[in-house]
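The values are calculated or read from the model by the stated rules, or taken from the named source; none is laboratory data. Bear in mind the structure is a predicted one, so any value in this text is a computation, not a measurement. Every residue, glycine among them, receives a Cβ derived from its backbone with ideal geometry; neighbour counts consider all protein chains shown.
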Amino acid sequence: MKIVAVTACPTGIAHTYMAAEQLEKTARKLGHSIKVETQGAMGIENKLSQEDIEAASVAIMAVDIAVEEGERFDNIRKIQVPVQEALKNPEAIFARI
Amino acid sequence: MARDLTFTCPLPNGVHARPASALEEVARNFTAEVVLLNERTGQTADAKSILSIVAADIRFHDACRLRVSGGDEDRAMAVLESFVRETFAHCDDEPAGTAAPNGDLRLPPMLSRAGAVLRRGNPVVSGIGLGRLVRAHGFRIPSHLPTDGACDPGAEMAKIDHALSELLTWYDRRMGNLGRCLETELLGAHRSLARDAEFRQVMARAIGENRRTAAGAIADAEAHFSALFGASKNLLLRERTLDIEDICRHLLQLVYGRDGELEKVTLIEDSLVFGESLTPGQFLALDRNFLKGLVLADAGITSHTVILARSFGVPTLVGVLGVPGGLVEGAEAVVDADLGALVTELNNSARRYYALEQSRLAGRRDRLLRHSQRPGGTCDGHRLEVAANISTLEEAVAAFAAGAEGIGLFRSEMLFLDRHTPPSEEDQFRVFKGVLAAADGRPVLFRTVDIGGDKPLDYLQLPHEPNPFLGYRALRIYPEFEVFFRTHIRALVRASGWGKMKLMLPMVSTVEEMRWARQIVAGEQAACAAAGQPFDSSLAIGAMIEVPSAGFMIAELAREADFFSIGSNDLLQYFMAADRANSKVAALYDPLQPAFLRFLRTIVEAARRQDRWIGLCGEMGGQTRLLPLLVGLDLDEISATTPAIPALKAGLAGLNRALCHELLLRAEACATAGEVAALLKDFATGSRAPLFSPDLILSEVEAETKEEAIKQAVDLLYVHDRLDQPRAVEEAVWEREAAYSTGFGHGFAIPHCKSAAVLSNSLVFLRLRQPVHWGSLDDQPVGVVILLAIRDADGADAHMKVFAKLARQVMHEEVRETIAKEKDSAALCAFLHHKLGL
């Protein structure tokens, strides 16, 4: 399955990237394709385009703060979780797909 | 006919003991009667009595009148007028205070959990001291000494007079033995109070009118002046009560011998001395090996006791509530003058906290000390000698202890100031020889006497000039006072046989001046040879480069000069045509002016081409911020004040010469000083220590709690000079922890913060001996702590990418495994470099 995701934590220094890595790792393991956008101290990286989002079936929003340019995700099914959830139990998130 | 001089008190702190003694020193030279009137209060004072002047309670902006009458009143008036106009306003240079703000005391988490008892105080000397509480008592006449009903008042007064004269002799002897230092200054102030007519008068009245004994009279004098000073609105005056108490203690002892001795404080182990107050004399009598801190209820930042404590580095708190009454003698306590508190009822956690604090401070000290004992140089092996600027023999010893590799500037004029006749050849010779002996083979650069201009001497009678800085001074006056100059040179030439001397001439502006001076030196060398006096025939004679014209004549000057040293203060003032003491133009006095940097490089390169040694001895040399530019200049030496030396050496060790040279060229190409400052700041960020190093990876760390682990990680960065305010950084880390725990599971935690107190971005790895509770995601204790400390100023730069990469890497088990288990710090460093793509 094609999945997109966004990670963002309060300081944008560590957990944003830890969660992104964890989601990518778990997706690989479960045989999904995923593209994760990080919104951290360095701004938006690996930005999801409209095409990326349209091609995906679901968006995982592992965020503790408001997402920037959130309107991009208006027309896609979203799974919203705290960042910590992505670290603690990523497979449970994927189980909700 | 009496003559009056009116003025307004220019001293913000009013006329306390120091200005009073300055006025007294002037007034006592005349036979004329000098009366000082405080027009606000109507009080009058004898200007030849310090106590009397002080008692007039003259405050800032009070209208005052000096009335001079009789005897040599004309001369007295002239001198007093110039004193009041020129000197009086400047005779009060009290050190700035470090009083704590009165806001809430924010405790570090580890200490706040410890639950010890804290009493707030004003820290006046920073530092942390541990020891047992020892009480110091105030002034009380011992009960066995009678104070009243003297049978023979004359005999009692004779005892006092005898003791007073003994006391004055004691001061003189003691001051003579000590040489010039803080203690001498203090004793000088005490001596002036002790010989004050008013002081004796109060005791005479007590005996004559009230039939008090000598002890009673001393007690009365103590009470009288303490009350007088203590009632003053002026804090500085109130603090002088301690000086009076000290004199009375001493006097009592001189009259009664052992019987008159007040209870003495004896220290036999690490101790914190507490009391209402402590006199300077009591302080000096304490064994400083055991004195770890002072806690005083009542002593201000300018009291002599506090000034002494500061000079000896004894952590001190004042104004502590519940002192002395609420404290238990013999109990273990901590003076935490960094935090501003006295800590008592220590439990194990508090003890652990202070053990860590002490190792933090010791770690930083040791690190600086290690650097200070190594030869100065950059990390790529480029040598740059770090020397000291001094003016007296006493300073030489301290300079070498701090790691000076030589004396880059000995200002010989100090020997010539504050006296009425020039020092003899023998006097000069002794001092120069002494400095060379203290240098023990290290080079000492003596600058010949730099006087005139702002440093006039009454025995040379130099004309008054409208513009002394562009006038008759230094080298320029030598030909007129050739005999005086020859004596000076003779003393230097004679001393040259006793060590490694270099001789430098100040204010050289033309080649002829240098030629003339050289020929005088040669003449004195020949005279020494003829007299069979040993001297160094290869004595190096150099020119101080502080007049811009000399900077453009280096090649020609090199024929007359064996070396050069840049006097950057004057050079910059003359070059920018800006007086740095004039606040309207002081901004122009900026060593970062691109034109000045270009000029400096021209000078150094010209000296290099002539194969001449070249140093720099201005204030610029002491600023660690400017070090990259100084290294880029390719100097042989920088010379700075002694306290700057350890930091200069440590800073040098972190610099790369090639990069610094490149920086200098870029700085020169800038259009403004502001651009250079920005460049320098960028350079500091980029060239600071790498993100992590084996020094920042520790194993088997003993920590009992999360608070302790975080403190240790932050302290490690402090020790390595990567942050300057550990408590601020710790607070920022805890603020982040408050959002949610950074324990992300698997026994790992990744605490982090952005803070302005972080100097260079850093990563710390602590492997704990025993895992600690962290409130982790998986509820498991944490054994590996990775601290990310980030400068507040940094945005999306390369370091942030590395932090992001690290955050991703620790999601992988094999990476965590290596971080947790790799015993060899260097090997772990290499592994991380590889993983993080560095």
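Screening B:Trp774 on (1) free of Cβ contacts under 8 Å to residues at least 60 places away in the same chain; (2) within 14 Å of another protein chain (Cβ to nearest Cβ); (3) crowded, with 21+ Cβ neighbours inside 10 Å; (4) out of contact with any Phe, Trp or Tyr (no Cβ under 8 Å at 6 or more places or on another chain) shows it passes everything except condition (1). Considering only residues that are within 14 Å of chain A (Cβ to nearest Cβ) and of a type in the set (A, V, I, L, M, F, W, C), look in the range B:736-758 and name the one that is surrounded by the fewest Cβ atoms within 10 Å (Cβ to Cβ). Taking the candidates together, the pick is B:Ala738. None of B:Val701, B:Val733 is β-branched (Val, Ile, Thr) and within 14 Å of chain A (Cβ to nearest Cβ) except B:Val733.
From the list B:Glu668, B:Glu730, the one residue that fits, being acidic (Asp, Glu), under 26 Å from B:Arg351 (Cα atoms) and under 34 Å from the mean Cα position of the chain (by Cα), is B:Glu730. Here is a check on your reading of the model: is B:Lys805 away from chain A (no Cβ under 14 Å) and either basic (Lys, Arg) or part of a loop (DSSP other than H, G, I, E, B) (or both)? No, not satisfied. Condition check for B:Asn761 on (1) within 14 Å of another protein chain (Cβ to nearest Cβ); (2) polar (S, T, N, Q); (3) out of contact with any Asp or Glu (no Cβ under 8 Å at 6 or more places or on another chain); (4) crowded, with 21+ Cβ neighbours inside 10 Å: one failure, at (3). Restricting the range B:445-504 to residues that are among the acidic types (Asp, Glu) and under 24 Å from B:Leu616 (Cα atoms) leaves a set whose member that is surrounded by the fewest Cβ atoms within 10 Å (Cβ to Cβ) is B:Asp454. If you go through the range A:1-19 and keep only what is within 7 Å of chain B (Cβ to nearest Cβ) and not in a helix (DSSP H, G or I), you end up with A:Pro10, A:Thr11, A:Ile13, A:Ala14.
Looking for something in contact (Cβ under 8 Å) with a residue 12 or more places away in the chain and touching a Cys at 6+ places or on another chain (Cβ under 8 Å) - is there at least one such residue anywhere in the range B:358-379? Yes, because at least one residue in the range B:358-379 is in contact (Cβ under 8 Å) with a residue 12 or more places away in the chain and touching a Cys at 6+ places or on another chain (Cβ under 8 Å). Checked against the criterion of being buried (at least 24 other Cβ atoms within 10 Å of the Cβ), outside any loop (DSSP other than H, G, I, E, B) and of a type in the set (D, E, K, R), the range B:285-297 contains not a single residue that satisfies it. Show the residue pairs meeting these rules: Cβ distance below 9 Å; 6+ apart or different chains; first residue within the range B:113-128 and part of a strand (DSSP E or B); second residue among the aromatic types (Phe, Trp, Tyr) and surrounded by 17 or more Cβ atoms within 10 Å (Cβ to Cβ). Once the first residue is part of a strand (DSSP E or B) and sits in the range B:113-128, its partners that are among the aromatic types (Phe, Trp, Tyr) and surrounded by 17 or more Cβ atoms within 10 Å (Cβ to Cβ) give B:Ile128/B:Tyr354.
The criterion of at least 1 residues that are modelled with pLDDT of 90 or more, among the basic types (Lys, Arg) and on the phi < 0 side of the Ramachandran plot is met by the following helices (runs of 4 or more DSSP H) wholly inside the range B:129-248: B:153-178, B:197-210. Of the residues making up the range A:23-78, those that are touching a strand residue (DSSP E or B) at 6+ places or on another chain (Cβ under 9 Å) and among the polar types (S, T, N, Q) number 6. Can you confirm whether B:Val701 is within 28 Å of B:Asp682 (Cβ to Cβ) and in contact (Cβ under 8 Å) with a residue 40 or more places away in the chain? No.
Here B:Asp715 meets each of (1) out of contact with any strand residue (DSSP E or B) (no Cβ under 7 Å at 6 or more places or on another chain); (2) touching a residue at least 12 places away in the same chain (Cβ under 8 Å); (3) within 14 Å of chain A (Cβ to nearest Cβ) with one exception, condition (3). Checked against (1) under 18 Å from B:Val547 (Cα atoms); (2) surrounded by 22 or more Cβ atoms within 10 Å (Cβ to Cβ), B:Trp516 passes all but condition (2). Being farther than 26 Å from B:Leu635 by Cβ, assigned to a loop (DSSP other than H, G, I, E, B) and touching a residue at least 24 places away in the same chain (Cβ under 8 Å) is the filter here, so list the residues in the range B:386-418 that pass it. If the condition is that a residue be farther than 26 Å from B:Leu635 by Cβ, assigned to a loop (DSSP other than H, G, I, E, B) and touching a residue at least 24 places away in the same chain (Cβ under 8 Å), then B:Phe416, B:Leu417 are the ones that fit. Screening A:Val4 with (1) under 19 Å from B:Ala804 (Cα atoms); (2) buried (at least 23 other Cβ atoms within 10 Å of the Cβ) gives one miss only, at (1).
Listed by position, the strands (runs of 3 or more DSSP E) enclosed by the range B:485-601 that each have at least 3 residues that are of a type in the set (Gly, Ala, Ser) are B:540-545.
For every residue, the table says whether it meets (1) part of a loop (DSSP other than H, G, I, E, B); (2) modelled with pLDDT under 95; (3) over 21 Å from B:Asn122 (Cα atoms).
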{"residue": "B:Ala309", "(1), (2), (3)": "no, yes, no"}
{"residue": "B:Val320", "(1), (2), (3)": "yes, yes, no"}
{"residue": "B:Tyr354", "(1), (2), (3)": "no, no, no"}
{"residue": "B:Arg364", "(1), (2), (3)": "no, yes, yes"}
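Out of all the residues in the range B:696-704, is one or more buried (at least 16 other Cβ atoms within 10 Å of the Cβ) and within 24 Å of B:Leu655 (Cα to Cα)? Yes: the range B:696-704 contains one or more residues that are buried (at least 16 other Cβ atoms within 10 Å of the Cβ) and within 24 Å of B:Leu655 (Cα to Cα).
From the list B:Glu25, B:Glu81, the one residue that fits, being under 20 Å from B:Gly188 (Cβ atoms) and part of a helix (DSSP H, G or I), is B:Glu25. The range B:630-689 holds helices (runs of 4 or more DSSP H) entirely within its bounds, and those carrying 3 or more residues that are more than 24 Å from B:Gly406 (Cα to Cα) map to B:657-668, B:673-687. I'm checking my understanding of the structure. Among residues of the range A:63-94 that are among the basic types (Lys, Arg) and not in a helix (DSSP H, G or I), which one is farthest from the other protein chains (Cβ to nearest Cβ)? Step by step, filter the range A:63-94, then rank; the result is A:Arg77. Among the conditions (1) part of a loop (DSSP other than H, G, I, E, B); (2) on the phi < 0 side of the Ramachandran plot; (3) surrounded by fewer than 19 Cβ atoms within 10 Å (Cβ to Cβ), B:Ala826 misses just one, which is (1). Close Cβ contacts (under 7 Å, 6 or more residues apart or on different chains) running from residues in the range B:619-647 that are closer than 20 Å to B:Ser391 by Cα to residues that are among the polar types (S, T, N, Q) and crowded, with 24+ Cβ neighbours inside 10 Å comprise B:Gly621/B:Ser639; B:Ser639/B:Asn389; B:Ala640/B:Asn389; B:Thr641/B:Asn389.
Residue selection: B:Ile790 fails the criterion of being under 15 Å from B:Glu708 (Cα atoms) and facing chain A (nearest Cβ under 10 Å). Scanning the range A:20-62 for residues that are more than 9 Å from every other protein chain (Cβ to nearest Cβ), part of a helix (DSSP H, G or I) and touching an Asp or Glu at 6+ places or on another chain (Cβ under 9 Å), which turns out surrounded by the fewest Cβ atoms within 10 Å (Cβ to Cβ)? Once the filter is applied, the top-ranked residue is A:Lys29.
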